[in-house]
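Reading through the structure tokens given below for one structure.
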Amino acid sequence: MSTAPRKIALLDLDAFFAAAEVLKDPSLAQRPFAVGGGGIRGVVATANYHARQFGVRSAMPGSQARKLCPQLHFVKPDMAFYKSLSEQVYGILQQVTDRIEPASIDEFYLDLTDNTLFRGSASLTMAAIREQIRAIGVPGSAGISNQKMVAKIASEENKPDGQFLVEPDAVYDYIGALPLKKIPGVGPKSLERLQQHGLYEGRDIQRIELLQLQQILGDKAGYVLHERCAGHDPRQVITERVRKSVGVEETLSADMHQLANALRFLEDFLLPKLRQRLRVDRWQQAQIKTQTVKLKFADFTQTTVSKSAKQVSPSRFFSLLEEAWQRGQGKGVRLIGISVALPDPDDDRQLELDLE
């Protein structure tokens, strides 16, 4: 492995689903539109930048999006087309390096440490890549640094269709100036706990002792956040990713108000679908770490209930569903999901930021 300073980039395809739809229908380019459902139960998957100017955002209920932007046009998702376009982008990246980690259908980490294009310049290489994908109708933004976390955050700096470099000797100060909510993994609960102790920015974490942070967040989460804010993120670009979980979920055609109906839906629809995705004939063949049930209520709040287990048990899903159902306190349920976490051979080696 190279001993040269690492050069890690994150390529983020801007409003990818929306860009793909413009390729199919160029007339969409100058009008606000969203990919997803615009009906009563629909949800925005993504919105183009014209729509975002009205406040339309991903995961927003379609009805709310229409209120913000009455002229908003909705387009039904075409996942097969998006996947094929993503594969085109991946093919372009492979011309540069084979060290690529697809983080999602529209995000790719690249290890450019050994890249020789443009005399090894990661910035010029990413600019050339972005020019190539722009030519096929897919604009993208990039973040470049010596680590994955900073590259990810930096990719947001010059959106859309821009890039941002954080040199290795600037990483510490760059993280120090970040609001903690921008650190991946610092969600609302963790942020609230941190702010209760007067911690608002990366520099606040850089100033306190590790033990103090662990008392706030717990041993593992405190250690990881302390390391990341100190500029330490040794995670590699992983070219082969092991599945970490398998699950199924379904948004219901109408809110469900009876637990008995939910249990029947779990037995008749979700469990067979999960077993099919696990590719097992008998539940005992599936080795797992946890089982989880997720409910989203009519007011869009949601809850999850999990239990550790070594093998899948359908009856455990039933009990988890009953527990989750009680948390709704009579609210209708609009989505039900079940999943299992799979054993990860890298659990002891991969240190992920998980604060929630």
### Signed unit charges on C-beta, dipole axis of the chain, positive-most listed residue 132, 285, 212
285
### Query
Which of the listed residues, 245, 304, 330, is farthest toward the dipole's positive end in region 245-341, when Lys, Arg count +1 and Asp, Glu count -1 at the beta-carbon?
245
## Note on the structure
Quick note, region 172-229: a/c under 1.5 would make it rounded; otherwise a/b > b/c is prolate and the rest oblate (a ≥ b ≥ c, C-alpha gyration tensor); here it is rounded
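With Cβ to Cβ distances under 9 Å as the rule, what net charge do the other residues near residue 106 carry (K, R +1; D, E -1)?
Working: positive: none; negative: 12, 14, 107.
The answer is -3.
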### region 99-234 shape via C-alpha gyration tensor axes, a/c threshold 1.5
prolate
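What is the dipole size for the chain, taken about its Cα centre, with +1 at each Lys and Arg Cβ and -1 at each Asp and Glu Cβ, in debye to the nearest 20? Mind showing how you got there, number by number?
Working: 46 positive and 43 negative charges, 208 e Å.
That gives the chain a dipole magnitude of about 1000 debye.
For residue 92, what is the net charge nearby, where nearby means another residue's Cβ is under 12 Å from its Cβ and Lys, Arg count +1, Asp, Glu -1?
Net charge in that neighbourhood comes out at 0.
Might you report the magnitude of the Cβ-based charge dipole of region 57-118 about its Cα centre, with Lys and Arg at +1 and Asp and Glu at -1, to the nearest 20 debye? Present the calculation step by step, with values, prior to reporting the outcome.
Details: 6 positive and 8 negative charges, 136 e Å.
I would put it at about 660 debye.
With a cut-off of at most 11 other beta carbons within 10 Å, and DSSP calling the residue loop, which trypsin sites (Lys or Arg not before Pro) in region 129-203 qualify? Please list them. List each step's numbers first, then the result.
Details: sites: 130, 134, 148, 152, 181, 182, 189, 193, 203; in loops: none.
The qualifying sites: there are none.
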### Task
Starting from the amide H of residue 311, placed 1.01 Å from N in the peptide plane, find each other amide H under 5 Å away whose residue is 5 or more places distant or on another chain.
288
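Give 83/189; 189/331; 220/310; 76/152; 148/220 a once-over and call out the pairs whose C-alpha atoms are over 25 Å from each other.
Numbers: 83/189 34 Å; 189/331 23 Å; 220/310 23 Å; 76/152 29 Å; 148/220 19 Å.
Flagged as over cut-off: 83/189; 76/152.
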### Message
Using Cβ counts within 10 Å as a stand-in for footprinting exposure, how do 172, 82 rank, fewest first?
### Response
172, 82
### Query
Over the chain, what is the mean sequence separation of C-alpha contacts under 8 Å (at least six apart), divided by residue count, expressed as relative contact order in percent?
14 percent
### Pairwise FRET efficiency - residue 114 versus residue 64, Cβ, R0 = 45 Å, nearest 0.05
0.45
### Query
Does region 206-265 come out rounded, prolate or oblate, given a ≥ b ≥ c as the square roots of the eigenvalues of its C-alpha gyration tensor, rounded meaning a/c under 1.5 and, failing that, prolate meaning a/b above b/c?
oblate
### Query
For 325, 283, what ranking results if the residue with the fewest other Cβ atoms within 10 Å of its Cβ goes first?
283, 325
### Task
Rank 115, 196, 178 by how far each Cα sits towards the positive end of the charge dipole of the chain (+1 on Lys, Arg Cβ; -1 on Asp, Glu Cβ) and give me just the farthest.
196
### Message
Given Cβ point charges of +1 (Lys, Arg) and -1 (Asp, Glu) and nothing else, what value in debye, to the nearest 20, does the dipole of region 234-313 about its Cα centre take?
### Response
560 debye
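Only the coordinates and a few stated rules stand behind these numbers; no lab work does. Here the structure is a predicted model, which means the values were calculated and not measured. Every residue, glycine as well, gets a Cβ built from its backbone with ideal geometry; the counts of neighbours run over all protein chains shown.
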